[in-house]
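Single-structure report; data block below.
FYI, it's all coordinate maths here, none of it is from the lab. Just so we're clear, the structure is a prediction, and the values are computed from it rather than from any experiment. FYI the Cβ positions are ideal-geometry reconstructions off the backbone, even for glycines, and counts take in every protein chain you see.
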């Protein structure tokens, strides 16, 4: 009986030390392949760190990314950011992609299933489904002060390489009238094999330019300057337009 009491006392004493900080993280679409891209799109990463203890906490966060493809990126246990996250009792701090250096440094990561060179030089994470987990440590003693996984883990997010869409309509060399009132249906394929979850976050950029004379159409598109004949950001196909949005020159072509 004494051993049982002793065991219960140890558990009761250990629990407050284990959960002094609460961490939550959410990753929002679209999902960048490179972790460093969250610095330029900070709103896609939403983090809340709360001091649930009765004393001021100096906190060090460390991140781990785990994929269903065998890829794991885990910040090394000795990693320490330049400054601690300091929270008073009951205080919550909101973080986002701008705060990436507080918990993730790709030069201080243990790589599994991928090398550091591949991660940096081959466009980030390979295709797969991932979770981003954060855990809090005492900044000064390195003691664990927040629960382990799955607490502190994000939603599952999918990284996928999408093939560029193919224009279906209008067909190449199709003749369009220069008179007003003609509706032109512009349609393109969706990336093959794309799940509905990914398609909900896919956005298209459509740009159309005039091609005069014998000019190379690709060169005309790449070198065109604003204002373009047409430019749209779209979330679906098809799109109907009614020229002239700006009048085409007779005999001119269009490239998009």
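What to note about this one:
- Virtual spin-label span in nm between residue 108 and residue 28, 7 Å along Cα→Cβ: 2.8 nm
- Distance in nm between pseudo-label sites at residue 122 and residue 189 (7 Å out along the Cβ direction from Cα): 2.6 nm
- Note on residue 148/residue 214: beta-carbon distance plugged into 1/(1 + (r/R0)^6) with R0 of 51 Å gives a FRET efficiency of 0.15.
- Given R0 = 41 Å, the distance between the Cβ atoms of residue 129 and residue 205 translates into a calculated FRET efficiency of 0.95.
- R0 of 51 Å, Cβ-Cβ distance residue 235-residue 55: FRET efficiency to nearest 0.05: 0.60
- Exposure proxy ranking for 68, 37, 214, 105, based on other Cβ atoms within 10 angstrom of each Cβ and starting from the fewest, stands as 214, 68, 37, 105.
- Across all directions, the average flat footprint of the convex hull enclosing the Cα atoms of region 20-159 is 7.6 nm².
- Cα pair distances in region 80-119, grouped into 10 Å bins until the bin that holds the longest one, percent each: 21, 40, 26, 11, 1
- Put in line by how crowded their Cβ is, counting other Cβ atoms within 10 Å and starting with the fewest, 46, 83, 211 read 83, 46, 211.
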